[in-house]
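Peer 1: Below: one structure in structure tokens.
All of the numbers you see were taken from the coordinates with simple rules; none came from a lab. Just so we're clear, the structure is a prediction, and the values are computed from it rather than from any experiment. Cβ atoms come from the backbone with ideal geometry, glycine included; neighbour counts cover every protein chain shown.
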2 protein chains.
Amino acid sequence: MRGLGYRRNSTARALKTRRTGLIGVVSPGDSTFGPSRMTLAIEEAAREAGYATALSVVRDPDPTSVDEALEFFLDRGIDGIVVIAPVVAMAEAARQISRTVPVVVLASAAEQTPDMQVLGIDQVAGARMAVRHLRQGGRERIAHVCGPEEYHDAQGRIIGWREELRDAGLPLLPLARAGGWSAADGHAAARRVLARKGGDQGGGEAPDAIFAANDHLALGVVQAVREAGLSVPEDVAVVGFDVVDGADFFSPPLTTVRQPFEEAGAAALGALFGAGAGGPDGATVPRVRRGASSGSSRGPSLIQPRLVVRASG
Amino acid sequence: MRGLGYRRNSTARALKTRRTGLIGVVSPGDSTFGPSRMTLAIEEAAREAGYATALSVVRDPDPTSVDEALEFFLDRGIDGIVVIAPVVAMAEAARQISRTVPVVVLASAAEQTPDMQVLGIDQVAGARMAVRHLRQGGRERIAHVCGPEEYHDAQGRIIGWREELRDAGLPLLPLARAGGWSAADGHAAARRVLARKGGDQGGGEAPDAIFAANDHLALGVVQAVREAGLSVPEDVAVVGFDVVDGADFFSPPLTTVRQPFEEAGAAALGALFGAGAGGPDGATVPRVRRGASSGSSRGPSLIQPRLVVRASG
DNA sequence: GGAGAACGCCCTGTCGTGCTT
DNA sequence: AAAGCACGACAGGGCGTTCTC
């Protein structure tokens, strides 16, 4: 009889079992690149585990908006929540949630507490890979165009850049902070870097390499370098971050760092229901196991990115 | 009393009212650009209307996968479904769904039936804008690097290119079909275009402009043009489609066509519950009204894109 | 193995109260 | 003053499943 047209009513089932089989993903509305890929990965892993995925987009990542998204999910009796939190304010807002439902936060740097797991991609390690590659290519004055302050990833990349320079005994050049993540922002910041020809605190000469905090910034950096009458990579090497679509055909093709977003998304779902808890129908969800590779024991579990070498540096 | 800690159980409510207040979005898993932006827009519009949005990603856009996604939603008692269908197979699979739930398909070309609304962005018009701009800039031999055949958008852009050339009395050059949407695909196709120096059916000379079916393809096209010893835009103008992030800092900055994805997403939601039906709590959802601008009366309602002129053509 | 209770909400029907004519 | 009317409080059944007895 189930063969012809019968379909179990999942609402009644949810009422009785007190599990909706729904998980919520809170995602920032801007910068659709990383977050959207993670969302897709979470959804696929969730479906695999028998869960459906609900989405809630947060336009401005302030605590109230995140709170609203969380409340929205709680009202709908969601079984678990993944918060994609590229900015500090989102991660902090997630911390406020009631302990009634498991929460995992995807962020490269946020303090983990017993009832809020954090995991992300190791930005420090990624930045070090980029800078190490530059330095092994013989560059010695490596500047950094970093992203906006409120982003975990921007901060992590600064730290990695600093650490690698320090360990290599290379001079620490002054930092150029971009106002956003776009090519125009990278262009403006790179002009500032190139303008300070010498004499100031960072050291005497112009940089021979620039590490940009993402590929779009790098695009603007390349442009600025050329406008200064210099060539890439001969005079100034440039490396980016993210492996944006088309980066292999930028001029020149961009050396950059690949972030395993898919892996991070899948790991987030594994972490949500990992502690032996089963799926909505009782099936067991495989728990993610992945060693924390840097940072304190209370920091997030980190996934390693990978360097992609092309012509720009 | 509701003030302190009470929260209405939406599951019980759904059981009684037979409405879950959930809508489903079926989205392709590849090419995350357009679809992901539309998904975000749908979610925001849905939340505005009191609905939550569930997501189901389809990795390979074949009919069985789409069917699975649709079944998945039906099992969960969803109130309506939006299918983002860039490829023909997805739109067709959506047609098979039972009439128990309203469905709207986001596709630039698919036949509309009484129980399946279709709406999308006018690819033909967008392509005509691009080609018209080229021709008004004095170009007369305008080639087209088109996208993979199974994509509605690729087909629409071919039609627009053809129509505009025909109406202007310009020669119709042979088409170069790219194998995908990436820069590498565009590069390969453009090399073929530039290799046929003359003598074949298309006419005697090499093109003085290339309309690429999207910005990534255009990136590869620019590269191929340069490898042929020609310059952009002096020898060969290039225009793209999509206004990808960073396109303003490509070298040269890319002339391209902006698709109002957000508007399309919001319109899809409006169309879902437009016919006087209210939101999950009875509130009325504003219906989208937008004139169909081309095609037969059974074709989709179309939203107009906009040309963005920069240095490449 | 088959009957029945319970999940929490919505909706209907009944009854009681207070006000009007 | 008695009867009618309007409205609010309250109890009960049922949505379709799961789980117990």
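Peer 1: How shielded is B:11-17 by partner chains, expressed as the average number of their Cβ atoms within 10 Å of its Cβ atoms? Intermediate results must be reported in sequence, preceding the final value.
Peer 2: On the way: counts 14, 5, 2, 9, 7, 2, 1.
Taking the mean over all residues of the peptide, I get 6.
Peer 1: Charges only on Cβ, +1 for Lys and Arg, -1 for Asp and Glu: so what's the dipole of segment B:123-258 about the Cα centre, in debye to the nearest 20?
Peer 2: Numbers: 15 positive and 18 negative charges, 63 e Å.
Value, rounded to 20: 300 debye.
Peer 1: Further, regarding this structure: Taking every pair of distinct Cα atoms and averaging 1/r, then inverting, what Kirkwood hydrodynamic radius in Å comes out for chain B? Display every interim value, and only then the final one.
Peer 2: On the way: mean 1/r = 0.0484 Å⁻¹.
Hydrodynamic radius (Kirkwood, Cα pairs) of chain B is 20.6 Å.
Peer 1: Along the Cα→Cβ direction, 7 angstrom out, place labels at A:Glu111 and B:Ile159. What is the inter-label distance in nm?
Peer 2: Going by the 7 Å Cα→Cβ label model, 5.9 nm.
Peer 1: Restricting to Cα pairs below 8 Å that are 6+ residues apart, what does the relative contact order work out to for chain B? Please round to a whole percent. Before the final figure, lay out each step's value.
Peer 2: Working: 672 pairs, mean separation 59.2, N = 313.
Reported as a whole number, the value is 19 percent.
Peer 1: Looking only at other chains, what is the average number of their beta-carbon atoms within 10 angstrom of each beta-carbon in B:51-63?
Peer 2: Values: counts 0, 10, 5, 7, 12, 6, 9, 1, 2, 0, 0, 0, 0.
So the per-residue partner count for this stretch is 4.
Peer 1: Next question, about the same structure. Which residue, chosen from A:Ile142, A:Leu219, A:Ala247, occupies the Cα position most advanced towards the positive end of the dipole of segment A:123-258, where the dipole is computed from +1 (Lys, Arg) and -1 (Asp, Glu) charges on Cβ about the Cα centre?
Peer 2: After comparing all options, I get A:Ile142.
Peer 1: Placing +1 at every Lys and Arg Cβ and -1 at every Asp and Glu Cβ, with all other atoms neutral, what dipole size does the protein assembly as shown have around its Cα centre, in debye to the nearest 20? Don't skip to the answer; put the middle values down first.
Peer 2: Values: 68 positive and 72 negative charges, 262 e Å.
So the dipole magnitude of the protein assembly as shown works out to roughly 1260 debye.
Peer 1: Looking at B:Val104, B:Gly34, A:Ser312, which one has the Cα that reaches farthest to the positive end of the dipole of the protein assembly as shown (charges on Cβ: Lys, Arg +1; Asp, Glu -1)?
Peer 2: Value: B:Val104.
Peer 1: If I stretch the segment between A:Asp167 and A:Glu263 completely, what's the gain in nm (0.36 nm per residue apart, minus their alpha carbon distance), one decimal? Don't jump to the answer; show the numbers that get you there.
Peer 2: Numbers: separation 96, 0.36 × 96 = 34.56 nm, distance 2.97 nm.
Taking A:Asp167 through A:Glu263 to full extension adds about 31.6 nm, to one decimal.
Peer 1: Let me ask another. Per-residue ellipticity at 222 nm for the protein assembly as shown, helices alone: DSSP H runs ≥ 4 residues times -39500 (n - 2.57), over residue total, nearest 500 deg cm²/dmol? Walk me through the intermediate numbers first.
Peer 2: On the way: 18 runs with 228 residues, N = 626.
It comes out at -11500 deg cm²/dmol, rounded to the nearest 500.
Peer 1: Next question, about the same structure. Say a label goes 7 Å from Cα toward Cβ at B:Asn9 in every copy; what distances in nm does this one have to the rest, shortest first?
Peer 2: 1.4
Peer 1: Here is a follow-up. Quick one: label points 7 angstrom along Cα→Cβ at B:Arg226, distances to the other copies in nm, smallest first?
Peer 2: Those separations, rounded to one decimal, come out as 0.6 nm.
Peer 1: Which Cα, out of A:Gly120, A:Ala183, A:His133, lies furthest along the positive dipole direction of the protein assembly as shown (beta carbon charges, K/R +1, D/E -1)?
Peer 2: Comparing the listed Cα positions along the dipole, A:Gly120 ranks first.
Peer 1: For B:Asp235 and B:Thr64 in the same chain, what is the full-extension length gain: residue separation times 0.36 nm, less their Cα-Cα distance, in nm?
Peer 2: Working: separation 171, 0.36 × 171 = 61.56 nm, distance 4.72 nm.
Length gained, B:Asp235 through B:Thr64: 56.8 nm.
Peer 1: Calculate, in nm to one decimal, what B:Ala311 and B:Ser98 gain on full extension: separation in residues at 0.36 nm each, minus their alpha carbon distance.
Peer 2: Additional length available on full extension: 71.7 nm.
Peer 1: Need one value for B:178-184: mean number of C-beta atoms belonging to other chains within 10 Å of its residues' C-beta atoms. Don't jump to the answer; show the numbers that get you there.
Peer 2: On the way: counts 0, 0, 0, 1, 4, 7, 3.
The shielding value for this peptide is 2.
Peer 1: Oh, and also: Search the structure for amide H atoms under 5 Å from the amide H of A:Ser251, placed 1.01 Å from N in the peptide plane, and list their residues when 5 or more places away or on another chain.
Peer 2: B:Ser251
Peer 1: Here is a further query. What are the distances, in nm and sorted shortest first, from the label point of B:Asp75 to the label points of the same position in each other copy, with each label point placed 7 Å from Cα along the Cα-to-Cβ direction?
Peer 2: 2.8
Peer 1: Follow-up. Taking the Cα centre of chain A as the origin, how large is its charge dipole in debye, to the nearest 20, when only Lys and Arg (+1) and Asp and Glu (-1) carry charge on their Cβ atoms? If you can, show how the numbers build up before the last one.
Peer 2: Values: 34 positive and 36 negative charges, 190 e Å.
It works out to roughly 920 debye.
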